[in-house]
Amino acid sequence: MEKKKYPIGAESYKLYEEIGQGVSASVYRALCVPFNEVVAIKIIDFERDNCDLSNICREAQTLILVDNPNVLNAHCSFVSDHNLWVVMPFMSGGSCLHILKAANPDGFGEVVIATILREVLKGLEYVHHHGHIHRDVKAGNILIDARGAVKLGDFGVSACLFDSGNRQRNRNTFVGTPCWMAPEVMEQLHGYDFKADIWSFGITALELAHGHAPFSKYPPMKVLLMTLQNAPPGLDYERDKKFSKSFKQMVATCLVKDPSKRPSAHKLLKHSFFKQARSNEYIARALLEGLPTLGDRIKALKKKEEDMLAQKKMPDGKMEEISQVEAWDVTDGAKSKGRKKKKKKFAESEGVEVDKEEEIGCWDNSVL
Amino acid sequence: MKGLFKSKPRTPAETVRLTRELLIYADINSNSREAKREEKMSELSKLIRELKSILYGSSEAEPVSEACSQLTQEFFRENTLRLLIICLPKLNLEARKDATQVVANLQRQQVHSKLIASDYLEANKDLMDILVSGYENTDLALHYGAMLRECIRHQCIARYVLESDHMKKFFDYIQLPNFDIASDASATFKELLTRHKSTVAEFLSKNYEWFFAEYNSKLLQSQNYITKRQAVKLLGDMLLDRANSAVMMRYVSSKDNLVILMTLLKDRSKNIQMEAFHVFKLFAANQNKPADVVCILAANKEKLIRFFRDFTVEKGRKTFFFGSFSVKDEQFEADKAQVVKEITVLEDRT
């Protein structure tokens, strides 16, 4: 019953290439030397991260206590110099976003989608049961391991509704990535709860079906406005004819603006759409065969991004390659600083004139 | 029709009673590994989960206060809490997490506007001994730690832990190599030293000598970055609390303490420097500085003034934090100017 004990201390691990990067953390492929086992290590710089230390502490604890096949857990965590090392299982398939970019730019087939989403939903059910809201459900956070197992990752921005003994009505912070963000999270009027994840789940379904999230070609400000003002997106384009009716219905039940009308993860699992879901092996065969290694795919992606940024050109539908790198968290000054430059570029490339700084400042005041 | 074939749902009190029976069973039959035991343990896990959903509600339903209060009364009518704590190592991870949340929630349940958990714990203080020693067991630390933090919300229980020998152990727990456990111990330590103002003030003045000797040597001068950073922060929080003003005066009248803070002011971590400044300023602001404190400040006058000239909040940090940060920055600049002024007037008598 006792968990396998991973060694505590940097000397027991050998870092290989970087496989993920945020503003205050990087993820590396690494070897756990005594076990001769490949792992992933997230290294968080305490000096660079000026957000509350207690958030990092809580995240580390949450990850250690996760015990579910569909949620990425942590083996252990320790401090090395002014960095926190969080040792996690290595998901060699990378994220669904990586796989979309590398081999399926126009989206996956329906059976693959049903299989991935069923696993994600099982993970979400677990996360919600423990009182957490994930707050950043998207293809970039759905990870696949070598055998086709699907796990929901990056608890980085998760919040707990059952925090220290009390059920809290809802949260009131502005966290997530704009394209996947539920309207009530954007509005910040009444706070939000588990149902915000169900909206993001619906957007993720569209992302897997099309290869990118709806509105992803627009700058973040515009995404906010479109999400609040337009009818919810759905599977109703010409190219969506290939998808079944139950898929369209499933997406539509998630993407309802009134959160109370969205189903819980538990309920949604019973939707007929998921009947066609298959096994992990099927995912491994359908998605992973013939793919270059994760490290090589990431190198190629990075190169592509840099080239595009250099040319200041963002072709349609490619926006999320950059915006997926970090969650948009306006409670963190350091992050926003890095993003502002990029957003400026988006605005220029789109020819949209928005004074971001001022508007962002306004939101921030309402958060504080 | 369906309802006819369903067994009548259990009342919350019945759920507690069944849980208690199974806990007693688990407690006695610890070594038998027969199938019957497995079955009972899985039943127990289900019951604990049921208790949790009564107290917290589910993703579809809010908790019902009448049910919560029935559950709480039955829970504390007998020794259920003790059984649950003792049997925790026998539960699986999911059941341990559920049990922890149940215990946490129960500390806040009021029955007839009374916190009955507090009365129970008052009579069963030795349970805290089990919870504190949980930090020595990697598999139990986070669960016992979370329960402990909830229990010390009751002032009488916090006082018990503060006055016990356990306090000394925290200086080691905080530096455990597992970050998740060490940070849990720090959170508890901080709670103990900040939550109940009058109790904390009393504890600090009674235990000043050993407590700050340990605090200075083990925490402020730790090799571990995070221990050091959290310790300076907590020190600032404690000394700046109005309730602890006597302790603060004593602390800032010591030359040795000043030297430690001046070393931290030059730490290579900007965050530690910043936290150290908030304590250092108290030494400078003290209007009754002892001679040896004056002596050190005066001897370093030029260096300190030069240091503070370049000592600023990093520009990048403020950009987004319109509201709170700019106010904080202004406060920081004002504090800094005050400190420089205090130091400038000191005469170097060496």
In the range A:65-100, what count of residues is obtained for those that are more than 10 Å from chain B (Cβ to nearest Cβ) and out of contact with any helix residue (DSSP H, G or I) (no Cβ under 7 Å at 6 or more places or on another chain)? 8
Might you check whether a residue that is away from chain A (no Cβ under 13 Å), surrounded by 15 or more Cβ atoms within 10 Å (Cβ to Cβ), touching an Asp or Glu at 6+ places or on another chain (Cβ under 8 Å) and under 30 Å from A:Ser260 (Cβ atoms) occurs anywhere in the range B:50-67? yes
Here is a check on your reading of the model: is B:Ser205 under 18 Å from B:Met248 (Cα atoms), assigned to a helix (DSSP H, G or I), at pLDDT 95 or above and among the polar types (S, T, N, Q)? yes
Counting only strands (runs of 3 or more DSSP E) entirely within the range A:1-110, those with at least 3 residues that are β-branched (Val, Ile, Thr) are A:37-45
In the list B:Ser113, B:Ser69, which residue meets the criterion of being touching a strand residue (DSSP E or B) at 6+ places or on another chain (Cβ under 8 Å) and farther than 23 Å from B:Val161 by Cβ? B:Ser69
Residue satisfying condition, being within 25 Å of the chain's Cα centre (by Cα) and either surrounded by fewer than 18 Cβ atoms within 10 Å (Cβ to Cβ) or not in a loop (DSSP other than H, G, I, E, B) (or both), within set B:Ala276, B:Ala298, B:Ala284: B:Ala276
Got a sec? Which helices (runs of 4 or more DSSP H) wholly within the range B:82-199 have at least 3 residues that are surrounded by fewer than 17 Cβ atoms within 10 Å (Cβ to Cβ)? B:116-123, B:126-133, B:155-163, B:166-173
Just one of B:Arg195, B:Arg159, B:Arg153 is at the interface with another protein chain (Cβ under 9 Å from one of its Cβ atoms) and in contact (Cβ under 8 Å) with a residue 24 or more places away in the chain; which is it? B:Arg153
Matching residues, the range B:61-101, being of a type in the set (A, V, I, L, M, F, W, C) and under 11 Å from B:His143 (Cβ atoms): B:Leu84, B:Ile85, B:Leu88, B:Leu91, B:Leu93, B:Ala95, B:Ala99
Among B:Leu235, B:Leu265, which is the only one that is buried (at least 16 other Cβ atoms within 10 Å of the Cβ), of a type in the set (A, V, I, L, M) and closer than 21 Å to B:Arg195 by Cα? B:Leu235
Answer residue from the range A:221-245, given it is part of a loop (DSSP other than H, G, I, E, B) and free of Cβ contacts under 8 Å to residues at least 40 places away in the same chain and is nearest to A:Val112 (Cα to Cα) among those: A:Leu235
Please work out if B:Asp165 is within 12 Å of chain A (Cβ to nearest Cβ), of a type in the set (Asp, Glu) and more than 22 Å from B:Val279 (Cβ to Cβ). no
Quick check on the range A:295-312. Is at least one of its residues at pLDDT 50 or above, crowded, with 19+ Cβ neighbours inside 10 Å and part of a helix (DSSP H, G or I)? yes
Answer residue from the range A:246-260, given it is assigned to a helix (DSSP H, G or I) and modelled with pLDDT under 95 and is surrounded by the fewest Cβ atoms within 10 Å (Cβ to Cβ) among those: A:Ser260
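The values are calculated or read from the model by the stated rules, or taken from the named source; none is laboratory data. Since this is a predicted model, take the numbers as computed values, not measurements. Cβ coordinates were reconstructed from backbone atoms using ideal geometry, including for glycine residues, and neighbour counts include every protein chain displayed.
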